[in-house]
Amino acid sequence: MKKSFIAILAMVAGGSVVYAQDTVVNPQPVVADSDTISAASELSEVVIEAPRLVRKADMDLYYPSESAVANSKNGMQMLRNLMIPSINVNEALGMVTSSGEDVQLRINGRVSSIDQVKSLLPETIKRVEWIDNPGLRYNGATSVLNFIVANPAIGGAVMTNAMPALNQAWGNYFADFKLNSGYSQFEVWGRFKLTNKIKSHREYKETFTYPDGTSISRNETSRGGIMDNSMGNFSASYSYIKPDTTILMVDLSYFKKFSDRFLYKGLLSLSDGTDDILLHDMHGDKGGTPGLSAYLEQHLPGKQILVVDFNASFYNGRSYHDYIEQLDGGDLISDVHTLIKDRNQAYAVEANYIKNWNKSRLTAGASYTANRNRSVYENLGGQVFHQCQDKAYFFAEYFYNLGKVTLTGGMGAQYTSFNFRESDQGNSSWNLRPQFTATYRPADHSQFRLNFTTWQSAPSLAETNVAPQQIDGFQWRIGNPELKTSSSYMLTLRYNFTLPRVNGTFGVRAFTSPDAITPRLFWSEDRLVTTYENSRGLDNITLWLAPQVEIVPEWLMLSGTLQYRAERMRGKDYKLYNHNWSGDVSVMLMHWGFTLTGMYRRAQQDLWGQTISWGENISMIELAYNWKNWEFGAGMLMPFGRYDQGSKSLNQYNTNESHMRLDMRIPYIQISYNLQWGRQKRGAHKLINADANVDQSSAGSR
């Protein structure tokens, strides 16, 4: 009885504290139910530990344990230590994925990068919100991780991290500095990723079939290759923070891609008995992107918030492709050189209005994005192409709680337009985006969630540009300016369960995109041309199980995902099917300051057009030790298995299969250092983020 009374008092006190903090950083209502404790609450020296996982109607909340905090030196390590089911965290490669798809990362509601998440102090992370059915305000994101960060009582912080490889020119390096003065905060951070001349080779074979039925096969024997992928980020920001009233933030950034190059050499053997052909195939891009961001958040009476965000970016770079075929004697058969120079701009502004009541929430917003692209094709005598892209988006969404049932419904409308100045070709369209979610929780340990969502995908610069690009001796690529914006529809049913030491999700998802933009191949005389079309649609159904098992509490944990997908793709003159199993598994052992982690992922295979492609099949193992402000670690990428990333084409005119192999068995060390001092204010974090990602051209490659 005494324990129950203390627990009730702790819940009331904890809920009051949570509400006071969340009104600043998270404008979502606190629903009065049995899971309002969001942190360990202390009362008369009796500590009540909150459940590590709390399921809300529209998200799952994960609270870091003391051991997870103690064994983390940055936000990425914290996310890894939480071991959220269905989330794959790879700090070495800087990736966060779910079921093979990228996860949108946010900090207190605003869109953030991997580097910004890495700069978070673990002690300041109150909880992590996992949203696997994002609403209309997330503008098409498949899933969202939102880090809720509290006010740390420190005045400054320095965070550094270095992860060099021991056998190759590969590594990640990061540093962050924060300083506060009154309501102001200054922050500077930078990151450098090195990947230089990593050994690689390609396994490739293809068959070309002519309209008259004759065919020729080419089999490529690898003679080696290299991959470069080095880039750097720099950001400097100023924030003015007056709690509960105003947040103003200005950020200047610069992203530099030093080199993103793939070079292959091989020997082509032809089925018609002609002499073997020496092959040289190189493609890549490089360039820089400065950016400017300005953000204003104003809290109004009556639990109202108005937020406005502006972003601008400018890309200046080039994309290239060199493809040479020659006989052993030196005679050239094909000599293809493509060089595209881009000077592209992007501007975006977004405004949201949020109104909270006790059991409901209204969110409405509008955004506008403009892309202005200028591409110079040096291989076409300096021919210039200009493209304008405009997007406007409006939405309204309402959330309401009915006890065990919660409902969310909304409608969005998107306008997209693109036009080529030189040919005056282009297209424009309006599309509606309805969305609905219903959640039913019969008990604290189980929850059902039904979600219907829609979104649109506008054609890219590469898909619409009419400039012809030669790929090799047979193949060319030409964009289609008559493409229309495609629509996608998805219905998902999830069952979330929480048992002693076990929690997870079982789900089924049905997806259709009836006018998906896909490649189409046709012969034009002796050229096999790739263009793009609005197809007759892609349909798939996916089933998955994602459990997390606490084998030994606070010591040993296991999580993973097992997924099955079946899909059908229909184009102008084909119908194809694909089904496959995929998944990942992670294990983590923490004790005495040591953290041992292991991970293996088998990538899913995706059917798009007449091509089946798959991402990285990869494994990793790492041992780390925390000592005061330091963390020391050592690990290896691909300790077992074989790195594989590739695709295969099922087109009637060109069937091929390609496997990219990298020398990714890379041992590495990792050193992290955190220093904190004084009284520091909470960093400025956006509730929205206007998308001003600048577009760029892509030189075609095999």
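None of the figures in this text is laboratory data; all of them are computed from the coordinates on show. The structure presented is a predicted model; accordingly, all values stated were derived computationally and were not measured. All Cβ positions, glycine included, derive from the backbone under ideal geometry; neighbour counts span all protein chains shown.
Here are the numbers for this structure:
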quantity: Paramagnetic label zone (point 7 Å from Cα along Cα-to-C-beta, F448; backbone N under 20 Å) in region 382-405; calculated: 400-405
quantity: Relative contact order, percent, region 155-678 [alpha-carbon distance under 8 Å, six or more residues apart]; calculated: 10 percent
quantity: Potential extension, L499-L179 segment - 0.36 nm per residue separation minus Cα distance; calculated: 110.8 nm
quantity: Pair L292, V552: separation of 7 Å Cα→Cβ label points (nm); calculated: 5.7 nm
quantity: Per-peptide average of other Cβ atoms within 10 Å, ordering 300-307, 403-410 highest first; calculated: 403-410, 300-307
quantity: Nearest-0.05 FRET efficiency for K256 and Y368, computed from C-beta distance (R0 30 Å); calculated: 0.60
quantity: Theoretical gain in end-to-end length, T160 to K199 [0.36 nm per residue, Cα-Cα removed]; calculated: 11.2 nm
quantity: Ratio Rg/Rh, restricted to the chain and using Cα atoms, in which Rh is the Kirkwood radius; calculated: 0.97
quantity: D212-K355 pseudo-label distance in nm [points 7 Å out on the Cα-to-Cβ vector]; calculated: 7.3 nm
quantity: Helix axis angle, 2-25 relative to the chain longest principal axis, alpha carbon, degrees; calculated: 50 degrees
quantity: Difference of contour (0.36 nm per residue) and Cα-Cα distance, Q304 to V69; calculated: 81.3 nm
quantity: Inter-centroid distance (Cα atoms) of region 427-481 relative to region 222-245, Å; calculated: 26 Å
quantity: FRET E, pair Y398, Q652, Förster distance 41 Å, beta-carbon r, rounded to 0.05; calculated: 0.25
quantity: Surrounding net charge for R449, when Lys and Arg each add one and Asp and Glu each subtract one, Cβ distance under 14 Å; calculated: +3
quantity: Under 12 Å from K197, Cα to Cα: aspartates and glutamates that are on another chain or at least 8 residues apart; calculated: D228, D260, D663
quantity: Order of L179, L607 - criterion: other Cβ atoms within 10 Å of each residue's Cβ, fewest first; calculated: L179, L607
quantity: Rough spin-label spacing in nm, given labels placed 7 Å along Cα→Cβ, for K575 and E101; calculated: 2.6 nm
quantity: Value at 222 nm in deg cm²/dmol, rounded to 500, when DSSP H runs of n ≥ 4 in the chain each add -39,500 (n - 2.57); calculated: -2000 deg cm²/dmol
quantity: Measure of compaction for region 328-385 (Cα Rg per 2.2 N^0.38 Å); calculated: 2.39
